[in-house]
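Working notes for the structure below.
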Amino acid sequence: MPFVIRGLSAEHFRPLLALDDEALAARNIRRVVADAAHGYPCRVSLQDAAVGERLLLLPYLHHDVAGPYRASGPIYIRELAAAPALFRDELPPSFPRRLLSLRAYDGEGWMREADVAEGQAARPIIERMLADAGVAYLHIHNARPGCYACRVDRD
């Protein structure tokens, strides 16, 4: 089952980049600097920030549906991220080193199935979940911290 993974639009977050730390804090957002090579996954570029790179850590409503599966959580956005990443039938390069939680939703935002996989082992699960005609899309989360990673759609 062909699939596509897209990063979030940088345009949505661009106005936040101009705010000072006080204005960000008033919105429950924090500017941080990556101090490790693999701990700051950007949701626009779908890659880890480099050590020393600046990011915003902010709350994000990633599942804006009516019902019990409405969900938000923390995400990182690299200040240098410009265009959203696009991956067709492949996983972003940061995924293989992470334990991933995969959640399949129907068109009304109700969860139909969930699974967990190590990195590249997620690919056959994505294909299996999307083969179910009742599944409209998937969400992938980093399983250990629980943060939203991306949405997966049929291509």
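Residues that are charged (D, E, K, R), more than 13 Å from the chain's Cα centre (by Cα) and on the phi > 0 side of the Ramachandran plot occur in segment 72-89; there is at least one. Could you check, for segment 123-135, whether at least one of its residues is more than 17 Å from PHE3 (Cα to Cα) and either surrounded by fewer than 16 Cβ atoms within 10 Å (Cβ to Cβ) or in contact with a strand residue (DSSP E or B) (Cβ under 8 Å, 6 or more places away or on another chain) (or both)? Within segment 123-135, not a single residue is more than 17 Å from PHE3 (Cα to Cα) and either surrounded by fewer than 16 Cβ atoms within 10 Å (Cβ to Cβ) or in contact with a strand residue (DSSP E or B) (Cβ under 8 Å, 6 or more places away or on another chain) (or both). From the set of residues in segment 79-122 that are among the acidic types (Asp, Glu) and over 19 Å from ARG154 (Cα atoms), which is surrounded by the fewest Cβ atoms within 10 Å (Cβ to Cβ)? Applying the filter and picking the extreme gives GLU118. Checked across segment 17-27, the condition of being surrounded by fewer than 19 Cβ atoms within 10 Å (Cβ to Cβ) and touching a residue at least 60 places away in the same chain (Cβ under 8 Å) holds for at least one residue.
Scanning segment 8-56 for residues that are touching a Ser or Thr at 6+ places or on another chain (Cβ under 6 Å) and not in a strand (DSSP E or B) turns up just one, GLN47.
Do we have any residue at all in segment 107-114 that's of a type in the set (Gly, Ala, Ser), part of a strand (DSSP E or B) and within 22 Å of LEU130 (Cα to Cα)? Outline the logic, then answer.
Restricting attention to segment 107-114, the residues satisfying the condition of being of a type in the set (Gly, Ala, Ser) are 107, 109, 114.
Still in the running and part of a strand (DSSP E or B): 114.
Then drop every residue that is not within 22 Å of LEU130 (Cα to Cα), which leaves 114.
Looking for residues that are of a type in the set (Gly, Ala, Ser), part of a strand (DSSP E or B) and within 22 Å of LEU130 (Cα to Cα), one finds at least one in segment 107-114, hence yes.
If you check GLU113, GLU22, GLU108 for being in contact with an Asp or Glu (Cβ under 8 Å, 6 or more places away or on another chain) and charged (D, E, K, R), only one passes: GLU113. Screening ALA83, ALA149 for residues that are touching a residue at least 60 places away in the same chain (Cβ under 8 Å), out of contact with any strand residue (DSSP E or B) (no Cβ under 8 Å at 6 or more places or on another chain), under 30 Å from PRO15 (Cα atoms) and not acidic (Asp, Glu) leaves exactly one candidate, ALA83.
Rule-based calculations on the coordinates, nothing more; no lab input. Everything numeric in this text was worked out from a predicted model, so none of it was measured. With ideal geometry, Cβ positions are generated from the backbone for all residues, glycine too; neighbour counts draw on all protein chains shown.
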